[in-house]
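See below for the structure under consideration.
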Amino acid sequence: MNNTVKKKLFFSMTLDFLETYIPQDSPSLKTVKTYRDGLSIFRRYVSDEKGISMKRFLFEDCTFDFLLDYRNWLLDYKKHTRSTVNNRLAAIKSYVRYASSRDVSLQQVYLSITDVPFLRVEKKMRPIIEERSTLKAFLDAPPNTRTGCRDTMMLSVLFDTMIRADELINIRLKDVNLKVAAPYILIKGKGNKERTVPISENVVSLIEAYMAEYHDGESVGSSVPFIYTVSHGEIHSMSERNVERIVKKYADIVRKDHPDLPNPVYPHMLRRTRGTYLYRDGVAIETIAVAMGHSSIQTTKDHYAFPSLEQKRKAMEIGNPVISSGNEVPEWPDDEDEFARLCGLR
């Protein structure tokens, strides 16, 4: 196979895309896995469903109609959810955009497939911890022990700062800045973007208590993991799975007395709960978006801008002055004879 044809093979740049470009653009292992899964499923569709070998499938074969058929196959035949189909479609579009940036002759292919529409996904409110008393019981659930001190701090930091679980475990000791006028944590988020998140006064106290137990005597400029586990005498960052386990553990304990607590509870629910609370308390959506590390305000609007039931009730009352409350004095007398007289009867 000559080099010209080889360069035009659709899957000829996937290795560089997945192992070089994506890790540089977004170091999250989840992101790399998402793109790898998306392209792998497309590869199987090309070979198994369409009967085209990877060695023959060219960029020019990935037309608008070809990709549209793939999208509809995922939805109608594979029965994937609309959001999953959109994620698979986005992976291919992102890959072809990357390929066209390396080879300008592929730009027409990219422009063609960009017109393949994403599926409409209805805005849906995912569960949050609605009752603040239930939330408080959950955050206060860990016992007054050394491990409980760590767990209380973790739960409170997740809620207070609205950071993701993978962002929490990637914090280094040097990223925690408490000895300043406005304490904050430096977070490395999606796309390797850095942002500073403020810490409330109560959470500062919890972090100080935790550091006295787990980082006593260590330099605040240290690169050691802020939250860690010890295995075979070596310190490692806590795994995201362990964070999920800790959150679930205390939720299961509290749910006995607070049956309104969603089941299951997971780290991202604390982020969503905090963001929704801020919106309901009147904080500008733009401010919430920045605090959460969203590059698009629309993302914040779609997933966190949900008014409470009480807010909806008050809003509906404003525009509903015509329905009687039932407390007015009746226009007719209780006396039967008098009522008959008013009706022209005797």
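Please report the carbon-and-sulfur percent of the accessible area for the chain; probe 1.4 Å, protein heavy atoms only, DNA, RNA and ligands left out.
The C+S portion of the solvent-accessible surface of the chain is 51 percent.
Got a sec? Charge dipole of segment 111-181, +1 on Cβ for Lys and Arg, -1 for Asp and Glu; which of ASN144, ASN170, VAL121 is way out at the positive end?
It is ASN144.
Listed here are the pairs LYS179/LYS248; LYS123/LYS312; LYS8/LYS50; LYS78/LYS190; LYS190/LYS249; LYS136/LYS249; which of them are more than 25 Å apart at the Cα?
Result: LYS179/LYS248; LYS78/LYS190; LYS190/LYS249 exceed 25 Å.
Can you pull a Stokes-Einstein diffusion coefficient for segment 88-232 at 37 °C (0.692 mPa s), Rh from Kirkwood over Cα pairs, as a whole number of µm²/s?
175 µm²/s
Quick one: Cα centre-to-centre distance for segment 222-276 and segment 155-218, in angstrom?
15 Å
Starting from the Cα of LYS256, draw a straight line to each of the aspartates and glutamates and keep only those under 16 Å, dropping any in the same chain fewer than 8 residues away.
GLU131, ASP140
For the chain, report the accessible area per residue in Å² (1.4 Å probe, heavy atoms, rounded to an integer).
60 Å²
Grab the other residues whose beta carbon is less than 10 angstrom from that of TYR184, score K and R as +1, D and E as -1, and report the net.
0
Using a Gaussian network model on the chain with a 10 Å cutoff between Cα atoms, which of TYR228, TYR210, TYR77 fluctuates the most?
Answer for the Gaussian network model of the chain: TYR77.
Quick one: dipole size for segment 139-180, taken about the Cα centre, charges +1 on Lys/Arg Cβ and -1 on Asp/Glu Cβ, in debye to the nearest 20.
About 240 debye.
So how strong a dipole does segment 132-305 carry about its Cα centre when Lys and Arg Cβ are +1 and Asp and Glu Cβ are -1, to the nearest 20 debye?
400 debye
What percent antiparallel are the DSSP beta bridges of segment 132-305, to the nearest 5?
100 percent
By the scheme Lys and Arg +1, Asp and Glu -1, what is the net charge of all other residues having a beta-carbon under 15 Å from that of ARG274?
+2
GLU208 versus ALA181, label points 7 Å from Cα toward the beta carbon: distance in nm?
Here the modelled spin labels are 1.9 nm apart.
Which Cα, out of ASN242, TYR184, ASN202, lies furthest along the positive dipole direction of the chain (beta carbon charges, K/R +1, D/E -1)?
Going by the Cα projections, it comes out as ASN242.
Where is the GNM fluctuation largest for the chain (alpha-carbon springs, 10 angstrom cutoff): PHE66, PHE138, PHE17?
It is PHE66.
Between SER94, SER156, SER105, where does the largest GNM mean-square fluctuation fall for the chain, given springs only between Cα atoms within less than 10 Å?
SER105
What fraction, in whole percent, of alpha-carbon pairs in segment 10-96 exceed 16 Å separation?
51 percent
What GluC sites (Glu not before Pro) in segment 118-149 are in a loop by DSSP, with at most 10 other Cβ atoms within 10 Å of the Cβ?
Here the GluC sites (Glu not before Pro) that fit, given the DSSP loop and packing criteria, are GLU122.
Quick check on the chain: take the gyration tensor over C-alpha atoms, sort the square-rooted eigenvalues as a ≥ b ≥ c, and tell me if it's rounded (a/c under 1.5), prolate or oblate.
oblate
Name the residues whose placed amide hydrogens come within less than 5 Å of the amide hydrogen of TYR228, ignoring near sequence neighbours (fewer than 5 apart) on the same chain.
MET238
Projected onto the charge dipole of the chain (+1 at Lys/Arg Cβ, -1 at Asp/Glu Cβ, origin at the Cα centre), which of VAL85, THR273, PHE64 gives the Cα projection farthest towards the positive end?
Highest projection toward the positive end goes to PHE64.
Please report, in debye to the nearest 20, how large the charge dipole of the chain is about its Cα centre when each Lys and Arg carries +1 at its beta carbon and each Asp and Glu carries -1 there.
It works out to roughly 1940 debye.
The values are calculated or read from the model by the stated rules, or taken from the named source; none is laboratory data. Remember, predicted model here, so these are calculated numbers, not experimental data. Neighbour counts are summed over all protein chains in view; Cβ atoms, including those assigned to glycine, are modelled from backbone coordinates with ideal geometry. Ligands, DNA and RNA are excluded from the accessible area calculation, which covers all protein heavy atoms including side chains. Shrake-Rupley method; radii C 1.70, N 1.55, O 1.52, S 1.80 Å.
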